[in-house]
Amino acid sequence: MPVDTPRLVRDAATDRWLVILLMLFAVLVRAPVAAHNIQSLRADVDNYHELAWNLIERGTFGQQHSGPSAYRPPLYPVLLAPLLRDVYYDFTGVVAMHVALGLVTVWLTAVVGAQWGLGRWRFLAAALVACDPILLKQSTVFMTETLATALAALAMAALTTVIKRPTIVRALDAGFVLGLCVLCRPTFLVFAIAALPALCWLLPQGKARRKIMVITVAALAMTLAPWTVRNWIEFGRPIVTTTHGGFTLALANNRAFYDHLRKAPHEPWDAESSGWAGTILQYPHAQQEELENNRESYALAWQTMRDEPRMFLRACVYRLSRFWGVLPLALPQQTPRERMSRYAIAVFYSVELSLALLGAWRLRRDLLASPWLFALLLAVSFTLVHTFYWTDMRMRAPVVPAVALAAAVGAAVLRRRKGERKASSDKDLRTSSSV
């Protein structure tokens, strides 16, 4: 069959315009939100701003008035530090970085959609990512969600590229990106451990598969090595992730939180005002204190789980419902505008997650035999971790591109069914007219 070259040229030109319109849409959505909420960056809830500034002032990864720390993952503060070099409260560079990362995430979602055969439906997935409420909200605070989501999309693209064209350079890229993911957010370590066997499963059989796997694992290890060796020197232990895991497990499994679930499960829980926090919420001021806090936090969490197994199971169900929830918890004394925003967010996520479930059902036979397996593993790994560790809706931010891609498949299924029903109806009408 001859190739229709003019049509291919027209399609390519149309796709280029769609990409331009998509990125323009993303800028128009994200830039005003970031600019309008620039002062919200003053609330340094997780101390990333302080960590970045301490890197500038003292050359130390740690809080002010403390020694070296591994309490938080290093990548985000390292990227922040050059943007804060001049003025402590000049957030222009940070806003620009968040907007740029958001645009990269949108573009990568479209790239992955093309790799996975979504055609022009990939633009719907990218548009969903562009206006995702979680990502919009988190782009206005000093937290890792914006960077982590971009890296998640990049990881899916890199892993898919290795499968389609398994070369040494692409294997190095995939391992490097997986390492950056872990350095941004420790939860990615579970995804990386799951993604490597999946990569081996999906690679073409042959001698090259072993070489590609060795190179990918080596690149991942080399990316994590500087942070691990640094922690070995400072703490006497080769810490690959952080010393924060015990706190997040204890935050999700303690008696005060369990009591809150019994009394007011639909209200936000404040650990500091609950009386539970005590010294566990204090930022460690020495390496050994940091390690000891981590050990004590893990011990406290496991003891609580053993003492109250039923409440532990109830808390797991609650965390799952929050991780995949559609309606944000109501804040005290919310305004009518805030209430309407919550309901609008619920509508958005109800539609998107419904489409994603339909898309996953449509893809069920391909999930274990195509790059869609990486999207599944990303969702499963984050869900598994946050079933036990502290969670809320924002924790699923890195999974957003995968969900949007599945939702685009669901929308395509609905569109095709609608077309089939219309064709069937037209056929019946013609048959009826001819009688």
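Couple of notes before you dig in:
- Some residue of region 315-338 being at pLDDT below 85, over 27 Å from Arg237 (Cα atoms), assigned to a helix (DSSP H, G or I) and not hydroxyl-bearing (Ser, Thr, Tyr): yes
Residue by residue, here is whether (1) part of a loop (DSSP other than H, G, I, E, B); (2) surrounded by fewer than 13 Cβ atoms within 10 Å (Cβ to Cβ); (3) modelled with pLDDT under 90; (4) within 22 Å of the chain's Cα centre (by Cα) holds:
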| site | (1), (2), (3), (4) |
| --- | --- |
| Leu41 | no, no, yes, yes |
| Val45 | yes, yes, yes, yes |
| Gln64 | yes, no, yes, no |
| Gly67 | yes, no, yes, no |
| Tyr71 | yes, no, no, yes |
| Val78 | no, no, no, yes |
| Tyr89 | yes, yes, yes, no |
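- Any hit, region 142-154, residues being in contact with a His (Cβ under 8 Å, 6 or more places away or on another chain) and closer than 26 Å to Leu355 by Cα: yes
- Filtered residues of region 111-167 (kept if small (Gly, Ala, Ser), open to solvent by less than 30 Å² (accessible area, probe 1.4 Å) and modelled with pLDDT under 95): Ser139
- Residue that is open to solvent by 60 Å² or more (accessible area, probe 1.4 Å) and either assigned to a helix (DSSP H, G or I) or not β-branched (Val, Ile, Thr) (or both), where the choices are Val104, Val33: Val104
- Of the residues Thr391, Thr335, the single one that is loosely packed, with under 14 Cβ neighbours inside 10 Å and either in contact (Cβ under 8 Å) with a residue 60 or more places away in the chain or among the hydroxyl-bearing types (Ser, Thr, Tyr) (or both) is Thr335.
The values are calculated or read from the model by the stated rules, or taken from the named source; none is laboratory data. Model, not experiment: these values are computed from the prediction. With ideal geometry, Cβ positions are generated from the backbone for all residues, glycine too; neighbour counts draw on all protein chains shown. Ligands, DNA and RNA are stripped out before the accessible areas are found, and what is left, the full protein with its side chains, is counted by its heavy atoms. Shrake-Rupley method; radii C 1.70, N 1.55, O 1.52, S 1.80 Å.
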